[in-house]
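Chemist: A single structure is presented below for examination.
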Amino acid sequence: MPGSATANGFLLVLAVILPFAGVLVSLALGGRNAERVALIVMPAGLAIALAIVVAVWRTGNALQYFVGNWKPPLGVAFRADGLSAVMILTSALLICGIGLFARAQFSTPRGAEARAPLVFWTLLLAVWGALNGVFIGGDLFNLYVALELLTFAAVPLVSLDGRAETLAAALRYLLFALLGSILYLLGAALLYGAYGTLDIVLLSARIHAQPVAWAAISLMTVGLLAKAALYPFHLWLPPAHAGAPAPASALLSGLVVKAPFFLVVRLWFDVMPGMPERATAQILGVLGAAAIIFGSVVALRQARLKLLIAYSTVAQIGYLFLMFPLAVRPEGGYPWSTAAWTGGILQAISHAFAKAAMFMAAGLIAEALGHDRIAGLSGIGRALPITVLAFGLSGLSLMGLPPSGGFVAKAMLLTGAVAEGQWWWALVVLVGGLLAGGYVFLVLARALGDPIEPLRLSAQVSRRRQAVVMAVALCAILLGFAPLRPSDFLQIGRPDTGIVGLR
Amino acid sequence: MVFDAGLAVLVLGVAAWTIVARDTFAAVVGFIAYGLLLALVWVRLAAPDVALTEAAIGSGLTGVLLLGASTRVRRTKNLTAGKEPAAALRLAAIGLCVMVSAAIAVLVLLLPEPAPTLAAPVAANLAATGLGNPVTAVLMAYRAIDTLLEVVVLLLALLGVWSLAPDRLWGGVPGLHYRADPDGILTFDAQLLVPIGILVGIHIFWVGSVAPGGEFQGATILAAMWILTTLSGLVDTPSVSRRWLRLLLIAGPAVFVAIGLAGFAMAGAFLAYPIEHAKLLILIIEVPVTLSIAAMLALLVAGPPERSLHR
Amino acid sequence: MNAATLYGLCSAVLVGLGLYGLIMHPEPLRKILAFNLIGGGVFLLFGVVARRGAAAGFGGDPVPQALVITGLVVAFASTALALALLVRLSSEPGRANLPSEGSGEEPMGGGPL
């Protein structure tokens with residue numbers, strides 16, 4: 001029996017339902033109202049996210065809610081532990097930032113309803129609702145529906161401008177995502193057949209090391225890896241994220257791609273706690289390392305800025321999966337008390353802010369110049385100083401230099417690697433940092449250089465938008481002030497919590 | 001048992017045909033046949049609600065979509081037609097698929113006996129929902145949140161399909177303009193079948209509370225009747241920006257959310273129903289949801305706007 | 001072996017067949033067909049699980065059956081979106097298929113935004 005509903009559990013329902021209510025109202029009213037509805041929902045959703053974080057913090061326990069008052073295994077539960085709470089807050093902050101940034105690009109013209117603004121604002125809210133659904137879902141089938149919501153909201157954003165390349169990229173994204181969903185569902189079918197429930201807490205009690213359980217978790221993990229674009233399933237990501245409009249790229253790289261990673265963490269540490277072997281976890285680490293090396297090297301070879309940033313996403317996702325070999329079966333202590341646990345989650349959050357800021361900065365640069373060729377960036381540093389500075393700060397986080405959230409995250413991963421005696425991952429982190437430095441400086445050197453002929457801007461970029469980009473980049477920097485030890489907050493709601501310091 | 005074995009072999013045979021057929025149109029026809037056979041399998045598995053859904057949505061509507069797409073994609077020259085994949089790749093693929101199938105087959109045989117089941121709790125709580133059909137109870141009461149989110153999924157898919165229209169055609173009419181031949185057989189069929197179909201659809205929806213059926217199956221039949229009416233040219237598809245169409249689309253999920261939120265006041269939780277009014281509330285949700293789903297399904301088949309409203 | 005197990009083996013073969021079609025066919029339409037086949041196999045597996053859970057006077061466990069109904073609708077929505085993308089893509093001149101899968105292949109240069 002998974003206990004009882006907690007007092008503030010209704011906040012979880014609101015976190016999911018409010019954005020979707022916004023979607024319904026947007027579609028019904030149409031026209032200019034989609035943007036207005038989004039602007040109303042954004043602060044409300046942010047308030048709910050803050051309330052959830054405060055509630056989890058104050059009570060020191062996970063929030064739990066049974067939808068319809070039906071308890072699992074019959075009904076569906078929503079749960080928010082420390083992990084969920086930080087992801088919900090990150091999503092809320094980032095979506096507000098992206099929304100403010102996108103106002104200029106997707107402003108609704110007077111007169112008849114326009115396609116792109118309506119679709120953008122509605123899908124922005126839909127992605128938000130789906131993300132919250134993934135972060136709080138306590139039932140594996142409910143999570144499947146949330147994942148499908150996320151896919152259907154994200155794919156049309158890729159092809160929003162209607163060019164043939166983006167249509168092809170969107171189709172490939174959809175096919176990879178569908179493959180992932182089918183594998184996930186196959187695993188879920190096996191789990192239900194073996195244990196009679198899909199509730200995460202109940203499963204963790206009933207599951208034990210059997211071929212059916214192994215197969216199910218493997219299938220679901222592979223499916224989620226395809227959605228998360230971990231090497232070798234990364235093929236769909238660069239064209240999709242590079243082809244989408246800048247605010248959508250920020251959304252996709254920052255948040256959408258983190259949701260499947262979040263679910264792999266849930267699967268490995270919540271559905272089958274203590275079961276995975278170190279050897280199996282090494283596979284995920286190897287794939288992560290391959291992603292880091294491959295993504296960074298290919299990023300260095302890119303001629304277009306947005307593609308460089310997209311390949312950087314492929315690389316940075318690899319860091320997330322280094323968490324697994326370092327947190328599974330640690331030498332004494334619990335997985336969530338290791339440095340790697342905090343490091344991995346912090347990497348997800350700081351990358352979200354940094355990558356979003358980077359894509360938005362790239363969008364502003366492309367608007368100003370009329371193109372996004374890296375070779376032609378000379379002189380933009382003087383024309384858009386705030387934007388290029390924001391780009392640089394995001395790059396700091398990607399490289400893992402202090403002060404930035406990326407530095408804390410990578411430092412924790414390094415510490416974890418050394419503490420676990422798996423020094424080879426430390427090597428990977430260091431090499432990845434060097435390569436990231438390579439492609440960040442590649443762009444910055446061009447941008448700060450003097451142009452051969454005077455730069456002619458094709459469009460003016462408002463200071464307000466540059467300020468928004470700067471604010472998002474500063475969030476990634478602010479995370480650098482997080483203490484260099486395993487976070488207590490991220491351990492809230494874990495079973496058998498023993499809060500352990502850095503080992 | 002012999003019947004089951006024969007049915008299974010037939011299903012696998014038609015599925016294999018769908019995969020190996022060279023002509024896409026033939027493959028699609030094979031898929032539709034496979035879907036109908038699969039519906040029979042569902043009946044043999046004592047799942048009549050699923051059989052209805054598979055026949056209607058899985059085979060019927062999906063088949064219409066595939067047929068439409070196969071003719072439109074064929075119009076453009078297929079650049080890789082005629083390139084045969086290497087024999088080595090084929091062998092490797094066959095090997096991989098055989099291994100995967102074998103693994104799943106082994107896992108099926110390893111499933112525990114006696115099988116864990118939720119049938120007992122479903123039966124025990126059925127009275128509290130006021131329903132007689134356990135599958136409807138799961139869909140509309142125990143796991144109502146899944147159904148709510150699933151309706152939103154349909155809506156998002158529709159928005160995604162609409163977003164594929166070029167900017168100048170936004171606000172236009174989906175699909176081609178079918179001209180009615182007043183003496184043709186299609187028009188005659190439509191005029192004859194559609195009223196009956198609508199009644200059948202409503203009946204299947206209505207009876208779903210106590211017998212196999214329900215909103216999805218009924219909505220599919222209503223959608224099919226709408227598609228038949230437009231295909232025969234009797235009525236034209238509405239433009240995507242019409243206010244009444246938008247309201248029809250969101251009415252179902254909006255009522256669902258509203259009653260869910262009312263559940264906070266009435267029964268203490270989101271999507272909770274007070275026992276005295278459970279059946280009534282579920283019905284109040286189901287009627288607009290059925291209509292909305294019918295519209296969504298029909299419009300998903302119609303596709304993105306392709307004709308401008310102004311000539 | 002009873003009927004449920006027989007159909008379970010059938011679902012295993014369906015998944016394998018669909019996977020083969022997914023790998024071997026280059027045209028996206030056939031891939032989408034193969035996806036539907038794999039999906040049918042997975043749903044059938046759910047159905048077998050449901051049949052094995054027959055109890056309390058029902059012919060099968062209602063929960064997996066409801067999950068399959070939800071899954072069928074979601075699968076239809078996926079097919080609709082994928083086909084709409086495909087039809088729109090094929091109406092663009094010169095792009096009847098997805099670009100060939102090769103690592104490091106870049107899409108054609110176009111608008112940077």
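Chemist: So for region A:175-184 (the condition being assigned to a helix (DSSP H, G or I), out of contact with any strand residue (DSSP E or B) (no Cβ under 6 Å at 6 or more places or on another chain) and at the interface with chain B (Cβ under 10 Å from one of its Cβ atoms)), does at least one residue qualify?
Modeler: No, the conditions are met nowhere in region A:175-184.
Chemist: Taking only region C:1-41 into account, find how many residues are within 7 Å of chain B (Cβ to nearest Cβ) and basic (Lys, Arg).
Modeler: Of the residues in that region, 1 qualify.
Chemist: A further question follows. Does B:PHE205 meet the test of being within 29 Å of B:PHE256 (Cα to Cα), more than 12 Å from every other protein chain (Cβ to nearest Cβ), surrounded by 16 or more Cβ atoms within 10 Å (Cβ to Cβ) and at pLDDT below 95?
Modeler: It is true that B:PHE205 is within 29 Å of B:PHE256 (Cα to Cα), more than 12 Å from every other protein chain (Cβ to nearest Cβ), surrounded by 16 or more Cβ atoms within 10 Å (Cβ to Cβ) and at pLDDT below 95.
Chemist: When the residues of region B:181-200 are filtered to those that are within 12 Å of B:LEU228 (Cβ to Cβ) and touching a Ser or Thr at 6+ places or on another chain (Cβ under 9 Å), which remaining residue is modelled with the highest pLDDT?
Modeler: Ranking the candidates gives B:VAL194 first.
Chemist: Then there's this: For region A:218-322, please list each of the helices (runs of 4 or more DSSP H) lying entirely inside it that holds at least 3 residues being closer than 25 Å to A:GLY133 by Cβ and touching a residue at least 40 places away in the same chain (Cβ under 8 Å).
Modeler: Hits in region A:218-322: A:237-243, A:246-251, A:258-266, A:305-321.
Chemist: Okay, moving on. Out of the residues in region B:22-58 meeting the condition of being within 15 Å of the chain's Cα centre (by Cα) and of a type in the set (Val, Ile, Thr), tell me which one is surrounded by the most Cβ atoms within 10 Å (Cβ to Cβ).
Modeler: Looking at residues that are within 15 Å of the chain's Cα centre (by Cα) and of a type in the set (Val, Ile, Thr), I get B:VAL50.
Chemist: Consider region B:152-165. How many of its residues are assigned to a helix (DSSP H, G or I), among the aliphatic types (A, V, I, L, M) and touching a residue at least 40 places away in the same chain (Cβ under 8 Å)?
Modeler: Going through region B:152-165 one residue at a time, the tally reaches 6.
Chemist: Still on this structure, I have one more. Among the residues of region A:48-67, write down those that are touching a helix residue (DSSP H, G or I) at 6+ places or on another chain (Cβ under 6 Å) and assigned to a helix (DSSP H, G or I).
Modeler: A:ILE48, A:ALA49, A:ALA51, A:ILE52, A:VAL53, A:ALA55, A:VAL56, A:VAL67, listed by residue number.
Chemist: Filtering region B:250-263 down to residues that are facing chain A (nearest Cβ under 7 Å) and of a type in the set (A, V, I, L, M, F, W, C), which residue is farthest from B:ALA180 (Cα to Cα)?
Modeler: Across region B:250-263, the extreme among qualifying residues is B:VAL257.
Chemist: Sticking with this structure for a sec: Filtering region B:99-151 down to residues that are outside any helix (DSSP H, G or I) and surrounded by fewer than 18 Cβ atoms within 10 Å (Cβ to Cβ), which residue is farthest from the other protein chains (Cβ to nearest Cβ)?
Modeler: That would be B:GLY132.
Chemist: Still on this structure, please answer the following. State the number of residues belonging to region A:136-145 that are more than 7 Å from chain B (Cβ to nearest Cβ) and either in a helix (DSSP H, G or I) or without any contact (Cβ under 8 Å) to a residue 40 or more places away in the chain (or both).
Modeler: 4
Chemist: Tell me the residue from A:GLY99, A:GLY45, A:GLY3, A:GLY22 that is more than 9 Å from chain B (Cβ to nearest Cβ) and either in a loop (DSSP other than H, G, I, E, B) or of a type in the set (Phe, Trp, Tyr) (or both), please.
Modeler: Exactly one of A:GLY99, A:GLY45, A:GLY3, A:GLY22 is more than 9 Å from chain B (Cβ to nearest Cβ) and either in a loop (DSSP other than H, G, I, E, B) or of a type in the set (Phe, Trp, Tyr) (or both), namely A:GLY3.
Chemist: Now a separate question. Only one of A:GLY363, A:GLY381, A:GLY376 is on the phi < 0 side of the Ramachandran plot, surrounded by fewer than 24 Cβ atoms within 10 Å (Cβ to Cβ) and either within 14 Å of chain C (Cβ to nearest Cβ) or acidic (Asp, Glu) (or both); which?
Modeler: Checking each option against the conditions leaves just A:GLY376.
Chemist: What residue, of A:ALA228, A:ALA240, A:ALA291, is within 12 Å of chain C (Cβ to nearest Cβ) and in contact with a Phe, Trp or Tyr (Cβ under 7 Å, 6 or more places away or on another chain)?
Modeler: Exactly one residue qualifies, and that residue is A:ALA240.
Chemist: Are there any pairs with C-beta distances below 9 angstrom linking a residue in region A:150-172 that is among the polar types (S, T, N, Q) to a residue that is not in a helix (DSSP H, G or I), with the two at least 6 apart or on different chains, and if so which?
Modeler: From residues that are among the polar types (S, T, N, Q), the pairs are A:SER159/A:ALA244; A:SER159/B:SER163; A:SER159/B:LEU164; A:THR166/A:SER159; A:THR166/A:LEU160; A:THR166/A:ALA244; A:THR166/C:PRO107; A:THR166/C:GLY110.
Chemist: Considering each of C:GLY59, C:GLY71 in turn, give the residue that is outside any helix (DSSP H, G or I) and either without any contact (Cβ under 8 Å) to a residue 40 or more places away in the chain or more than 7 Å from every other protein chain (Cβ to nearest Cβ) (or both).
Modeler: Selected residue: C:GLY59, the only one of C:GLY59, C:GLY71 that is outside any helix (DSSP H, G or I) and either without any contact (Cβ under 8 Å) to a residue 40 or more places away in the chain or more than 7 Å from every other protein chain (Cβ to nearest Cβ) (or both).
Chemist: Here is a follow-up. Any idea which residue in region B:59-75 is surrounded by the most Cβ atoms within 10 Å (Cβ to Cβ), counting only those that are more than 9 Å from chain C (Cβ to nearest Cβ) and of a type in the set (Gly, Ala, Ser)?
Modeler: Selected residue: B:SER59.
Chemist: Conditions first: (1) within 9 Å of chain B (Cβ to nearest Cβ); (2) surrounded by fewer than 22 Cβ atoms within 10 Å (Cβ to Cβ); (3) more than 30 Å from B:VAL240 (Cβ to Cβ). A:VAL76 passes all but one, so which condition is the exception?
Modeler: Status for A:VAL76: all satisfied but (2).
Chemist: Would you confirm whether or not region C:28-46 contains a residue that is touching a helix residue (DSSP H, G or I) at 6+ places or on another chain (Cβ under 8 Å) and part of a loop (DSSP other than H, G, I, E, B)?
Modeler: no
Chemist: Moving on to the next point. Looking at (1) within 11 Å of chain B (Cβ to nearest Cβ); (2) in contact with a Lys or Arg (Cβ under 8 Å, 6 or more places away or on another chain), can you tell me which one A:ALA164 breaks?
Modeler: Of everything listed in (1) within 11 Å of chain B (Cβ to nearest Cβ); (2) in contact with a Lys or Arg (Cβ under 8 Å, 6 or more places away or on another chain), A:ALA164 misses just condition (1).
Chemist: Taking region A:384-413 as the search range and keeping residues that are without any contact (Cβ under 8 Å) to a residue 60 or more places away in the chain and at negative phi, which one is surrounded by the most Cβ atoms within 10 Å (Cβ to Cβ)?
Modeler: A:GLY395
Chemist: Quick check, is A:PHE106 more than 11 Å from chain B (Cβ to nearest Cβ) and closer than 21 Å to B:ILE145 by Cα?
Modeler: no
The values are calculated or read from the model by the stated rules, or taken from the named source; none is laboratory data. This is a predicted model, so every value here is computed, not measured. Note that we place each Cβ from the backbone using ideal geometry, even for glycine, and neighbour counts take in every protein chain shown.
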